[in-house]
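Down below is the structure, laid out as structure tokens.
The values are calculated or read from the model by the stated rules, or taken from the named source; none is laboratory data. Because the structure is a prediction, the values reported are computed rather than measured. Every residue, glycine among them, receives a Cβ derived from its backbone with ideal geometry; neighbour counts consider all protein chains shown. Note: areas computed on protein heavy atoms with side chains; ligands, DNA, RNA excluded. Shrake-Rupley method; radii C 1.70, N 1.55, O 1.52, S 1.80 Å.
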Amino acid sequence: MEILIFIFPLLSFLIFQFSDNIKNVKLLYILHTALMSSSFVLSIYLFLKLLDFENDLPLYYYPILKLEKLLIDWSLRLDLFVSGLLIIITLVATIFIIYSINFYKDNKVDLKIIKYSSLSIFGSLTLVSSNNLIQLFLGWQIILVSCYFLTNLFQKKEDLKGNDNVFLYNRVSDLGIFLCLFF
């Protein structure tokens, strides 16, 4: 059930990704608000589940992918601190979604804002709950890509040529830092 905290923002991103021809935008906003609100409620449930006073440090690993032969062990680290951060991230996301409903009506660009903010929320949740360095790096890159898309949403095509090179150089430098930490 804890994995649904992460699946709901990703599902919201995918719904908005493939909803270019849908005419009922209000239904999309209702669905998006329901997904983000349920993610917030599930993060509160996880926090209360971990707030067990019988154990000193409750810690759960939610396995995603485990391959013994390839030494791959991807799991979500869910402890009391991480669950508190999940509550904060999903609360801010829910407040943003509820606040933005009044301003976004039938504009396609606004659908892109919601789409990229959902991707950013998913990246933040992945970054916070990462169990190893590769997951941390992937969460960080998801956040940066979504922020890049959000900032370049309203700029003209002429201004984007210089930003693409800076974005690429920044990703290469992040990869260099990641490899230095790994080795």
Would you point out the residue of region 54-95, among those that are among the β-branched types (Val, Ile, Thr), open to solvent by 70 Å² or more (accessible area, probe 1.4 Å) and part of a helix (DSSP H, G or I), that is modelled with the lowest pLDDT? 95
In region 11-21, what residues are open to solvent by 60 Å² or more (accessible area, probe 1.4 Å) and within 12 Å of residue 119 (Cβ to Cβ)? 11, 14, 17
